[in-house]
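Worksheet: the structure to be examined is printed underneath.
All of the numbers you see were taken from the coordinates with simple rules; none came from a lab. These numbers were taken from a predicted model, which means no experiment stands behind them. We place every Cβ from the backbone using ideal geometry, glycine too, and count neighbours over all the protein chains shown.
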Amino acid sequence: MSTDDLPLAPTGGCGDGCACGADGDEEYLECGLDPALAQLLADAGLDPVEVEDIANLAVQEDLDHGVDVTSVATIPGDAVATGDFTARESGTVAGLRVAEAVLSVVCTDEFEVERHVEDGDRVEAGQRLLSVTTRTRDLLTAERSALNLLCRLSGIATATRAWADALEGTTTKVRDTRKTTPGLRALEKFAVRCGGGVNHRMSLSDAALVKDNHVVAAGGVAQAFKAVRETFPDVPIEVEVDTLEQLREALEAGADLILLDNFTPAECEQAVGVVGGRAMLEASGRLTLETARAYAQTGVDHLAVGSLTHSSPILDIGLDLREAE
């Protein structure tokens, strides 16, 4: 992705393209996102309505049905400022358009953004990511909610990029899990994609994963697989196995994807030989950045890493108002 500065883009508020039907006196929570911003979100694989809902929820939590008392008390209502979202450390950025969505639900007037980088870009400490010109009160009211999401998503993208870099040159991809923050799954899985990873299933309904408890409940690997296949014939089925014996059973049953749970690299290599390309293999458990390449070199297709979304530290990003000239 290009890191060249993109032109100023007016957005926010209830512009000509807003479909909410609200006039300028209505509360911002009733406004829809600017169509151009909504399209950018959709192009990134995100649902603009879901992003707007998350942005509204974050702002509502911060305001608690009141106002930003500090900004209202210290800043004239007609004051306008430019602020720069700036990386405090190096990493991979994700969530810039999500931050713009937060601004969109807060800003009472249209605002201008200058986009210096794009989601998925590597950035260095001190690098400007996004510049925003709008009413100063609105900018500072939106600041923390925008940064909470931007820092969180960029942290996930940065962690994923480290795994992707460790696997570079192999055919193995790092993949996320459903160990996500409630309500933020789509955004966090988007951040994984920004970091060079790939997504596992988004929900319990779009693919089956037969785990140990399902095997116990169904009476065996083959029985569990058969039950899913008969009930949902068009759904991809992954089966978790703990041993090579279970692997053979899952393979014979016709599993599309087999999860090797807590296998060592040597055991993964054996599993790859047993499967012989008849199913995709995913390694899970015992995985670290230090051992990632050893697992990849066994020939498994994916490494399942739950920590991408449940334990990644944030990427430190701040907002700085420009000094008046």
The answer for GluC sites (Glu not before Pro) in the stretch 121-195 that fall in a DSSP coil and have at most 14 neighbouring Cβ atoms within 10 Å is 124, 168
So, with points 7 Å from each Cα along the Cβ direction, the residue 63-residue 291 label distance in nm works out to 4.9 nm
In a Gaussian network model of the chain with springs linking alpha carbons closer than 10 Å, the residue among 119, 64, 212 that fluctuates most is 64
Among 290, 110, 238, the residue with the largest mean-square fluctuation in a Gaussian network model of the chain built from Cα contacts under 10 Å is 290
Once amide hydrogens are built 1.01 Å from N within the peptide plane, the residues lying 5 or more places from residue 82 or on another chain with amide H under 5 Å from its amide H are 322
Given unit charges at Cβ for Lys, Arg (+) and Asp, Glu (-), the dipole magnitude of the stretch 97-214 about its Cα centre in debye, nearest 20, is 560 debye
tail above 29 Å in the computed P(r) of the chain, as % of all Cα-Cα pairs, reads 46 percent
To the nearest 20 debye, the stretch 205-274 has a Cα-centred charge dipole, built from +1 on Lys and Arg Cβ and -1 on Asp and Glu Cβ, of 180 debye
To the nearest 20 debye, the chain has a Cα-centred charge dipole, built from +1 on Lys and Arg Cβ and -1 on Asp and Glu Cβ, of 1520 debye
Membrane-span-like helices (DSSP H runs, Cα span along own axis at least 18 Å, mean Kyte-Doolittle at least 0.0) in the chain -> 48-63, 136-166
The percentage of Cα-Cα pairs in the stretch 26-101 separated by more than 19 Å is 54 percent
Convex hull around the C-alpha positions of the stretch 168-310: the volume in Å³ per residue is 111 Å³
Under 19 Å between C-alpha atoms, the lysine pairs in the stretch 168-310 lying 8 or more places apart or on different chains count 4
Among beta bridges assigned by DSSP with both residues in the chain, the antiparallel ones amount in percent, to the nearest 5, to 50 percent
Any residue on another chain or 5+ positions along whose placed amide H is under 5 Å from the amide H of residue 173 is listed here as 302, 303
